1. Which members of segment B:69-88 meet the condition of being surrounded by fewer than 16 Cβ atoms within 10 Å (Cβ to Cβ) and not polar (S, T, N, Q)?
2. In segment B:1-39, how many are among the polar types (S, T, N, Q), within 20 Å of A:Gly91 (Cβ to Cβ) and not in a strand (DSSP E or B)?
3. Taking the condition of being among the aliphatic types (A, V, I, L, M) and in contact with a Ser or Thr (Cβ under 7 Å, 6 or more places away or on another chain), how many residues in segment C:8-42 meet it?
4. Looking at C:Val75, C:Val98, C:Val70, C:Val33, which one is touching a Lys or Arg at 6+ places or on another chain (Cβ under 6 Å), of a type in the set (Val, Ile, Thr), at pLDDT 90 or above and under 21 Å from B:Met65 (Cβ atoms)?
5. State whether the residues of segment B:80-95 include one that is modelled with pLDDT under 90, within 18 Å of B:Lys10 (Cβ to Cβ) and of a type in the set (Ser, Thr, Tyr).
6. Please count how many residues of segment A:1-22 are of a type in the set (Phe, Trp, Tyr) and at pLDDT 95 or above.
7. I'd like to verify a number: residues in segment B:70-93 that are within 13 Å of B:Val33 (Cα to Cα) and in contact (Cβ under 8 Å) with a residue 40 or more places away in the chain, how many?
8. Residue pairs, Cβ under 8 Å, 6 or more apart or interchain, first in segment A:1-27 and closer than 24 Å to B:Gly35 by Cα, second of a type in the set (S, T, N, Q) and not in a strand (DSSP E or B). List them.
Amino acid sequence: MDTFTLHPMKEIRIIIPGEHLKFATDMLDNLKVTGYTIIHNISGKGHHGFHTAHPMFSEVDSLVMLMTVVLEEKVQPILAGLRPLFDRYPGVLFVSDVAVSRREHFSGQQN
Amino acid sequence: MDTFTLHPMKEIRIIIPGEHLKFATDMLDNLKVTGYTIIHNISGKGHHGFHTAHPMFSEVDSLVMLMTVVLEEKVQPILAGLRPLFDRYPGVLFVSDVAVSRREHFSGQQN
Amino acid sequence: MDTFTLHPMKEIRIIIPGEHLKFATDMLDNLKVTGYTIIHNISGKGHHGFHTAHPMFSEVDSLVMLMTVVLEEKVQPILAGLRPLFDRYPGVLFVSDVAVSRREHFSGQQN
């Protein structure tokens, strides 16, 4: 049996109200992030009682989760690109390690 | 460009029948876990043929996935809090590493 | 309070058009993978402009995410089992680290 090489990448998941999805996907497009997945109609409760600059999700809103897998060098530009959104509106962002078998789908490289 | 610091946290995902969601979220509330996300209407097949104390999901049930991101010190209390549920009913729980850019949303700390 | 041991496992997530779900779950069944979760009605945009052998998701399709948690030794057989699908059709696959508290639900072992 062949052995498949797995390439380390970074997964970014963003949970935001659906009305802000286009802002986030436009930002990814501008950064040449070539693919993403959206899970619709999730709900969330967030972060009540914290002294943050803005209210978080009120009880249970209709939210979306936007997922993308990128080279590590894209993480900081994505965080920077989302800053105008997160400075004004509720939202959370998670970064985690993931491996992919076909890196060229995520980075433009041939493996 | 600014550099955004990423803080290591633990992500907990719980997959349970929707009827047990309130037990789980009440437990999180009691532990002062300040936010979570719910993905609805997922399906699952689980664990047939194992000699466990209880049947797992029968073929394809309507399930929910409850996700939360916490400081590592909350992991064991959450596992303990879910034990009465998992002792009697089907369900699975995953713990993984994740990083967040705004730790104060998850732990009450200012970053 | 008891301490719960967490066992390291591998999580595999596959995003494919819904019409190919049965191929993937049959393959998992053949490999004695004993449980999985499906998130329905997700959407995705993928990988435009890449010189790959096949087109990826056209703009926004109806996709499913199939998730499973396995012992590390199952990762390569799953990648091999999906190769006929991924050679002909669009799809992405992610492998990540996860821990579970009840390993026997995932591997047939008693913990």
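The values are calculated or read from the model by the stated rules, or taken from the named source; none is laboratory data. What you are looking at is a predicted structure, and each value in this text was computed from that prediction instead of being measured. Cβ coordinates were reconstructed from backbone atoms using ideal geometry, including for glycine residues, and neighbour counts include every protein chain displayed.
1. B:Glu72, B:Glu73, B:Ala80, B:Arg83, B:Pro84, B:Asp87, B:Arg88
2. Initial filter on segment B:1-39 (among the polar types (S, T, N, Q)): B:3, B:5, B:25, B:30, B:34, B:37.
Going one step further and asking which of them are within 20 Å of A:Gly91 (Cβ to Cβ), we end up with B:3, B:5, B:34, B:37.
Right, trim to not in a strand (DSSP E or B) and you get B:3, B:5, B:34.
Result for segment B:1-39: 3.
3. Within segment C:8-42, the first condition is being among the aliphatic types (A, V, I, L, M), and the residues that meet it are C:9, C:12, C:14-16, C:21, C:24, C:27-28, C:31, C:33, C:38-39, C:42.
Those still in the list that are in contact with a Ser or Thr (Cβ under 7 Å, 6 or more places away or on another chain) too: C:12, C:15, C:28, C:33, C:38, C:42.
The total comes to 6.
4. C:Val70
5. no
6. 0
7. Matching residues across segment B:70-93 total 8.
8. A:Pro17/A:Ser62; A:Gly18/A:Ser62
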